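Report on the following structure.
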C-alpha cells in the first residue's frame, strides 16, 4: 500500500468516521438535553392548571418523558461519546499534519512505517477504550438485571 493510498483509504476514512460519530453524538446530546430542559421547565406551568381534568395525566406524562430522556442519555453516554470521538479525530488529524509537514517526531526521521505505526496505535487505543466502555455498560446492565444471560437484554 502506498503512502497516498494509506492516507486516503485508511486514515481519511477513519477521520471521517470519527467526525461523523462525533457529530451524531453531539446532536443527540444537545437534543436530549434541550428536551429535558423544556419539559422540566414546563412542569411548574402545567401544575398551575392541575384543576383541569386532563392535566394530571399530562403532568405525569411529562415526568415519564423526562425520565426516559434522562435514561437514554445515561445509557448511550452521548456527551462522553461526542467528546471521545472528537478527541480521536483531532489526534489523528494532528498526526497526519505532523507527518505531512515533516514536523515533531517526523522532523528527522519521517518514515512512512513510523507514521503508520503511530496512526494504528492511536486507533488501537481507541478500540480498546471503546471495548472497555461497552464492557462496563454490560456489567452495569447485569447489576440492574442480574438474571439476564450473557448477550441477552431484558
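The values are calculated or read from the model by the stated rules, or taken from the named source; none is laboratory data. What you are looking at is a predicted structure, and each value in this text was computed from that prediction instead of being measured. Note: ideal-geometry Cβ built from the backbone for every residue, glycine included; neighbour counts use all protein chains shown.
Looking at segment 40-154, the helices (runs of 4 or more DSSP H) lying wholly inside it that each contain 1 or more residues that are out of contact with any strand residue (DSSP E or B) (no Cβ under 8 Å at 6 or more places or on another chain) and at pLDDT below 90 sit at 55-76, 112-144. Taken as a whole, the structure places residue 56 among residues that are over 29 Å from the mean Cα position of the chain (by Cα) and either over 26 Å from residue 124 (Cα atoms) or in contact (Cβ under 8 Å) with a residue 24 or more places away in the chain (or both).
For residue 92, the stated conditions do not hold, so it cannot be described as under 22 Å from the mean Cα position of the chain (by Cα), exposed (fewer than 13 other Cβ atoms within 10 Å of the Cβ) and in contact (Cβ under 8 Å) with a residue 24 or more places away in the chain.
The residues of segment 18-53 that are closer than 26 Å to residue 91 by Cβ and without any contact (Cβ under 8 Å) to a residue 40 or more places away in the chain, listed by number, are 20, 23, 24, 27, 30.
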